[in-house]
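The values are calculated or read from the model by the stated rules, or taken from the named source; none is laboratory data. Values in this document were obtained by computation on a predicted structure and should not be read as measured data. Here the Cβ is made from the backbone with ideal geometry for all residues, glycine too, and neighbour counts use every protein chain on show. We work out accessible area using only protein heavy atoms, side chains counted, and drop any ligands, DNA or RNA first. Shrake-Rupley method; radii C 1.70, N 1.55, O 1.52, S 1.80 Å.
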Amino acid sequence: MIFMAIAVSTTLDQRIDEAAKAVEPKVVECRRDIHQHPELGNREFRTSKLVVDRLRQLGIEVKSPIAHTGVVGILRGGKTGKVVGLRADMDALPVTEQVDLPFKSTVRSTYNGQEVGVMHACGHDAHVAILLGVAEVLSSVRNELPGTVVFLFQPAEEGAPQGEEGGAALMVKEGALDNPKVDAVFGLHVTSRYPVGEIAYRPGPELAAVDSFRIKVLGKQTHGAYPWLGVDPIVVASQIVLALQMIPSRQLDVSLAPAVVTVGSIHGGVRNNIIPDHVEMIGTIRSLDEKMRDDIHVRIKRTAEDIAASAGAKAEVTIETGYPVTYNDPALTEKMAPTLRSLTKNVEVVNATLGAEDFSFYQQKVPGLFFWLGTRPKNQTAEEAASNHSPLFYIDESGLELGIRAMARVAADYLRAQSK
């Protein structure tokens, strides 16, 4: 009986791998089409229609729209069982492409009131194409699947336009994980940090929580020759910038988890001999521990307000919370690690990074595993390759097949493990 179960499992694995190989050319073609026609967050109308049409051609139940332009596909297996979610994000970035490709993006659009180029500079075009390939692969073995697969095609991972909701948070809010109720969720992300043929992951916190802050320092305007007649917000702001760096370097136990506080923009004044009445700065907060995240918020506010008060100024601090920590459920990760290792000999457990991913909103609701798929050409080092979000970002498409196999196999193996 045990031998028969192993034989059936092996046969299904082989069928998935063979189907992934067969669908690879179609996935590459789809990726190039999406790459040439990128769309910004909450505006993925063409991409959404492409996804809906493909899923319906495969006989997969479709729910759309959700979260503006999102799509949920439901593939019911031949046997009852658990429900697994697979996610792909669809949005591009306001980046003008500089890679010379036959399918290079020349799209222009408007982003927060500015005309911009649009490019899939983070690889979401590959994510969509891979997941559509997975849908086709799993549809071909649906009778052998003991459970249900929910395909989550999500808009606005990079953030919704100003004044709009979007992304994974809105997908969850509008019921993407309900009816059927998803028991576990998986996602991948292509990256130039790892070479083609490599999969990387980390149990527990893998990517950082990300928050933004704005500090307005209010002083008293005066002539630059007589600073004692006013309150100089530029000097105060400078002290605040330096003091904020003391928070992660001197006030937090970074041996537990790293954190970063970065001031990305600072503005004040219009003339060389006028001390202005205010200075504004904005920045980002990255942290890998939720308690530490809350502590940093308190310390930023206290630091800015107390330094300003010591100089007779005032600091107004606003902190907006963003994505939570992307946290790979340790038990789920341990169960699925053998599947990942069966796909390629190049599987690596890596350090956490201070980048962020809104896949974390799904993980707040159900156990999840998010992993990296290497797409860097083998003739380049990580230092030579353009990073995600660069106008020179490039994907070696020979790595897409591994992505198809990985997502299909973790879904199938999860369902089979839960049915035993």
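Check cross-link reach from residue 26 to the lysines: straight Cα distance under 19 Å, and skip same-chain residues fewer than eight apart.
Counting by Cα, and skipping residues close in sequence, residue 26 has these lysines nearby: 49, 104.
Total Lys pairs in the range 265-402 closer than 20 Å by alpha-carbon, pairs eight or more apart in sequence or interchain only?
Eligible lysine pairs with Cα atoms under 20 Å apart amount to 6.
Can you list the HN-Hα couplings for the range 125-138, worked out from phi with the Karplus curve (6.51, -1.76, 1.60; θ = phi - 60°), rounded to whole Hz and with x for Gly and Pro?
3J(HN,Hα) across the range 125-138, in whole Hz: 4, 5, 4, 5, 5, 4, 5, 5, x, 4, 4, 5, 4, 5.
Quick check: convex hull over the Cα atoms of the range 1-146, volume per residue in Å³, rounded to an integer?
Residue-normalised Cα hull volume stands at 118 Å³.
May I ask you to give the solvent-accessible area per residue for the chain, in square angstrom, as obtained with a 1.4 angstrom probe?
45 Å²
The range 326-365: percent of C-alpha pairs farther apart than 12 Å?
69 percent
Only bridges with both residues in the chain count here: give the DSSP antiparallel percent, nearest 5.
If we restrict to bridges inside the chain, about 65 percent are antiparallel.
So what are the ³J(HN,Hα) numbers for the range 374-383, from phi and the Karplus equation (6.51, -1.76, 1.60; θ = phi - 60°), rounded to whole Hz, Gly and Pro as x?
Values per residue, Gly and Pro as x: x, 9, 7, x, 5, 8, 10, 8, 4, 6 Hz.
By how many nm would the segment from residue 365 to residue 165 grow when fully extended, if each residue of separation counts as 0.36 nm and the alpha-carbon distance is taken off?
70.2 nm
How much FRET efficiency would the formula 1/(1 + (r/R0)^6) give for residue 349 and residue 256, where r is the Cβ-Cβ distance and R0 is 25 Å, rounded to 0.05?
0.85
What number in nm² do you get for the range 50-97 if you take the convex hull of its Cα atoms and divide its surface by four?
For the Cα atoms of the range 50-97, the hull's average projected area reads 4.8 nm².
Leaving out ligands, DNA and RNA, and with a 1.4 Å probe, what % of the accessible surface on the chain is carbon or sulfur?
Carbon and sulfur together cover 52 percent of it.
Once phi is turned into θ = phi - 60°, what whole-Hz ³J(HN,Hα) does the Karplus curve with 6.51, -1.76 and 1.60 give for every residue of the range 183-197, x standing for Gly and Pro?
Whole-Hz 3J(HN,Hα) from phi for the range 183-197: 9, 7, 9, 10, x, 10, 9, 6, 7, 8, 6, 10, x, 3, x.
Compute the projected area of the convex hull of the Cα atoms of the range 265-393, averaged over all viewing directions, and report it in nm² to one decimal place.
12.7 nm²
Could you run the Debye sum over the Cα atoms of the range 119-260, one equal point scatterer each and no solvent, and tell me log10 of I(q)/I(0) at q = 0.12, 0.19 Å⁻¹, two decimals?
Ignoring solvent entirely, the Cα scatterers give -0.82, -1.33.
Loop only by DSSP, 14 or fewer other Cβ within 10 Å of the Cβ. Give me the GluC sites (Glu not before Pro) in the range 318-397 that pass, ordered by residue number.
Loop-located and lightly packed - 383, 384.
With the crude spin-label approximation of a point 7 Å out along Cα→Cβ, what separation in nm comes out for residue 295 versus residue 178?
The modelled label-to-label distance comes out at 3.6 nm.
Using every Cα-Cα pair within the chain, state what percent have a distance larger than 36 Å.
Considering the chain, 32 percent of its Cα-Cα pairs are separated by more than 36 Å.
Computed over the Cα atoms of the range 223-302, what is the convex hull's projected area averaged over all directions, in nm²?
That works out to 5.8 nm², a quarter of the Cα hull's surface.
When the chain is fully extended, how far beyond the present Cα-Cα distance does residue 26 get from residue 378, taking 0.36 nm per residue of separation?
Stretched out fully, the residue 26 to residue 378 stretch lengthens by 124.4 nm.
Taking the mean number of other Cβ atoms within 10 Å as a proxy for protection, how do you rank 298-307, 276-285 from highest to lowest?
The most tightly packed comes first, giving 276-285, 298-307.
Check each of the trypsin sites (Lys or Arg not before Pro) in the range 9-116 and keep only those in coil by DSSP with at most 16 other C-beta atoms within 10 angstrom; list them in order.
Passing sites in the range 9-116 are 104.
For a quick check of your reading of the filter: which GluC sites (Glu not before Pro) in the range 165-206 sit in a DSSP loop and have no more than 14 other Cβ atoms within 10 Å?
The qualifying sites are 165.
Please state the equivalent ellipsoid semi-axes for the range 348-420: what are the square roots of 5 times the Cα gyration tensor eigenvalues, largest first, in whole Å?
Equivalent-ellipsoid dimensions as semi-axes: 28, 18, 11 Å.
So what's Rg/Rh here for the range 287-331, counting alpha carbon atoms and using the Kirkwood radius for Rh?
Computed over Cα atoms, the ratio is 1.19.
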